[in-house]
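Here's the structure we're looking at; comments come further down.
The values are calculated or read from the model by the stated rules, or taken from the named source; none is laboratory data. Because the structure is a prediction, the values reported are computed rather than measured. In this analysis, Cβ positions are derived from the backbone assuming ideal geometry, glycine residues included, and neighbour counts consider all displayed protein chains.
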Amino acid sequence: MASPVAVATQGGLGRAWDVVWRARRLVERNVLVYRHQWIVILSGVAEPIFYLIGIGMGLGGLVRTVGLPDGRSISYTAYVAPALLATAAMNGAVFETIFNVFFKLNFRKTYDGILATPMGISEIAIGEMLWALMRASLYAVSMLVLMTALGLILSPWALLTLPVTLFVAATFSATGLAGTAFLRTVQDFDIPMGLIVMPMFLFSGTFFPISAYPIPIQVFMQATPLFHSISLIRGLTTGLMGLEQVWDFAYLVGFFSLAMVIAMRRMERKLIK
Amino acid sequence: MSGAPGDALVRARKLTKRFGSFTAVDGIDFDVRPAEAFGFLGPNGAGKTSTMRMIACASPVTDGDLAVIGMNPASQAREIKARLGVVPQVDNLDTELTVRENLEMYARYFDIPGSVARSRADELLEFVQLAERAKDQVEPLSGGMKRRLTIARALINEPQLVILDEPTTGLDPQARHLLWDRLYRLKQRGATLIITTHYMDEAEQLCDRLVVMDKARIVAEGSPLELIERYATREVLELRFGDVKRASLDGQLQGLAERVEELPDRTLVYTDDGEAALDEVHRRNIPVQSALVRRASLEDVFLSLTGRSLVE
């Protein structure tokens, strides 16, 4: 005899899976739309590669090696590449869930039409996240292939890089979705892009260890998700795994859950009146 | 679940919708029977759209009871929506897809298999006369074409009940007549339609039965003919007086008809014999600029119920 609690949990999981399964329709819709616009997606693949060449090799010529806390020295390119991988996952997810969802939500009224079908708000939110995740994973895989080819993968831990990068992308798509429902006008985009995404990209230990910055900035950056994403992914590709990376992961799980709750609530308030 | 034939397809009792302290729908009762075209007639802000949105499971019921196809919108929205077709007041077609893709993608949301979706899309594009535009983007279509595509989209799941919120608002007369013709054919096929409108002619053309809404309440219910018989006379004499001060006419129209309604631009004389009333006006030497005798319409019903005209 299964306990009522177990049955309830199973029912809940079953329902959750149903939602995810139905959400694939939204992914199909986005694939249909992007069939005509693959170039847009491909530009996202190129971006981290340009950064890797432009900054990794350029600055790498000056810096050459970076000392890790465990005493090893690694090439600057190997130091910066995992950070660019994490950033690519963030950008893929955030651009999709902020820009595209904003327009569908506020101008195109796409979701109002979809909500008149058996699809619900959860299906729409999860569908958009799945799609953002697929887009981000394309960026992540291409970046990983390049890193492998250039010999920038230094540890067998790197086998976990793909799933972890996908989780990072999931965290940022939930965050983007939560944020986009707060935006009112097109001008509002400058706020998340200019004041959140851009500084995170610069200060999260992407190009330099954060110890290079004053203490207040260090403390502040350690509260942001990109910092932990970079620290975790860099740990995997360089083999620098420790308690810190466990904390990074725990932080991301917490951040993801919080973002999911806010995203669902905001979407509901925006669409159900 | 859907009950015996003859049972109401939509049943509302004390149905209420509030937004904060504003009451959009104030405890209304109505029944929509299978295979009828049921209308909600009323001015903007009367509560028609809020009622529609509650039926379509797009807006939660604040108070009262609502059953749609025998089900509860609060707990069975998915099942209800699977059997509804919704034509919203403002088109929300997927502007990133082509005409045809709009239909086929919509079918997927209903889990309709691809081959079925394709043949239904063909049929529906024929039905709404958009077959030639199948591969076109949605944005450049005219208002009438977008409306027709929205209607086709609402029919993709072969719905038991089609909800149309102001289907012809903003369209030119030609586009309206084409749309009415399509809706009429839909009715002939046995579909149940719920239509909101603030156009009298639309309600008279399409609705078997309707309720008149004003200020969140239902003020009358019946077939267009019944309502006209109950709340108006057979004919109406419309008089315009031009510059003449109407105050000076005080009393002059007395005894002319059972009811006289003063509007800002004209005076309506309700009578069963318009020509006789006009003769009487001439006999009394009342200085009329122009006069018109016409049949009474739902416009007159609304005026007599609320003292205001529908479209201001």
Residue count for segment B:126-140, restricted to those that are surrounded by fewer than 19 Cβ atoms within 10 Å (Cβ to Cβ) and not in a helix (DSSP H, G or I): 7
Subset tally (residues that are among the polar types (S, T, N, Q) and within 13 Å of another protein chain (Cβ to nearest Cβ)) for segment B:44-82: 6
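Evaluate segment A:168-176: report whether one residue or more is buried (at least 23 other Cβ atoms within 10 Å of the Cβ), closer than 30 Å to B:Ala74 by Cα and within 14 Å of chain B (Cβ to nearest Cβ). Step through it out loud before you land on a result.
Going residue by residue through segment A:168-176, those that are buried (at least 23 other Cβ atoms within 10 Å of the Cβ) are A:168-169, A:171-176.
Within this subset, residues satisfying the condition of being closer than 30 Å to B:Ala74 by Cα are A:173-176.
The next check asks that each one be within 14 Å of chain B (Cβ to nearest Cβ); those that pass are none.
The answer is no, given that none of the residues of segment A:168-176 is buried (at least 23 other Cβ atoms within 10 Å of the Cβ), closer than 30 Å to B:Ala74 by Cα and within 14 Å of chain B (Cβ to nearest Cβ).
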Selected residue (criterion: nearest to B:Ala154 (Cα to Cα)) from residues of segment B:33-57 that are among the aliphatic types (A, V, I, L, M) and buried (at least 22 other Cβ atoms within 10 Å of the Cβ): B:Ala56
Those residues of segment B:188-220 which are surrounded by fewer than 16 Cβ atoms within 10 Å (Cβ to Cβ), modelled with pLDDT of 90 or more and acidic (Asp, Glu), in sequence order: B:Asp208
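Evaluate the following for B:Lys14: is it under 25 Å from A:Glu268 (Cα atoms) and among the basic types (Lys, Arg)?
No; evaluated as a whole, the condition is false for this residue.
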Positions within segment B:83-101 being surrounded by fewer than 22 Cβ atoms within 10 Å (Cβ to Cβ), more than 9 Å from every other protein chain (Cβ to nearest Cβ) and either assigned to a helix (DSSP H, G or I) or in contact with a helix residue (DSSP H, G or I) (Cβ under 7 Å, 6 or more places away or on another chain) (or both), in sequence order: B:Gln89, B:Arg100
Single match in A:Leu144, A:Leu154 (criterion: touching a strand residue (DSSP E or B) at 6+ places or on another chain (Cβ under 7 Å) and farther than 20 Å from B:Arg153 by Cα): A:Leu154
Qualifying positions in segment B:1-18 - in a strand (DSSP E or B) and either modelled with pLDDT under 95 or aliphatic (A, V, I, L, M) (or both): B:Val10, B:Ala12, B:Leu15
Matching residues, segment A:233-248, being within 16 Å of A:Ser204 (Cα to Cα) and crowded, with 17+ Cβ neighbours inside 10 Å: A:Ile233, A:Arg234, A:Gly235, A:Gln245, A:Asp248
All positions within segment B:105-128 that are more than 29 Å from B:Thr51 (Cβ to Cβ) and facing chain A (nearest Cβ under 9 Å): B:Arg108
Conditions (1) outside any loop (DSSP other than H, G, I, E, B); (2) modelled with pLDDT under 95; (3) farther than 18 Å from B:Leu193 by Cβ; number of the one not met by B:Ser59: (1)
From the options A:Leu166, A:Leu144, A:Leu177, residue that is among the aliphatic types (A, V, I, L, M), farther than 25 Å from A:Phe50 by Cβ, touching a Ser or Thr at 6+ places or on another chain (Cβ under 8 Å) and in contact (Cβ under 8 Å) with a residue 12 or more places away in the chain: A:Leu177
Residue list for segment A:260-273, filter: charged (D, E, K, R) and exposed (fewer than 14 other Cβ atoms within 10 Å of the Cβ): A:Arg265, A:Arg269, A:Lys273
Only one of A:Val20, A:Val27 that is within 14 Å of chain B (Cβ to nearest Cβ), surrounded by 11 or more Cβ atoms within 10 Å (Cβ to Cβ), outside any strand (DSSP E or B) and among the hydrophobic types (A, V, I, L, M, F, W, C): A:Val27
Filter pass, B:Ala154 being touching a strand residue (DSSP E or B) at 6+ places or on another chain (Cβ under 8 Å), surrounded by 15 or more Cβ atoms within 10 Å (Cβ to Cβ) and within 14 Å of chain A (Cβ to nearest Cβ): yes
Unmet criterion (only one of (1) among the polar types (S, T, N, Q); (2) surrounded by fewer than 19 Cβ atoms within 10 Å (Cβ to Cβ); (3) touching a residue at least 40 places away in the same chain (Cβ under 8 Å)) for A:Ser257: (3)
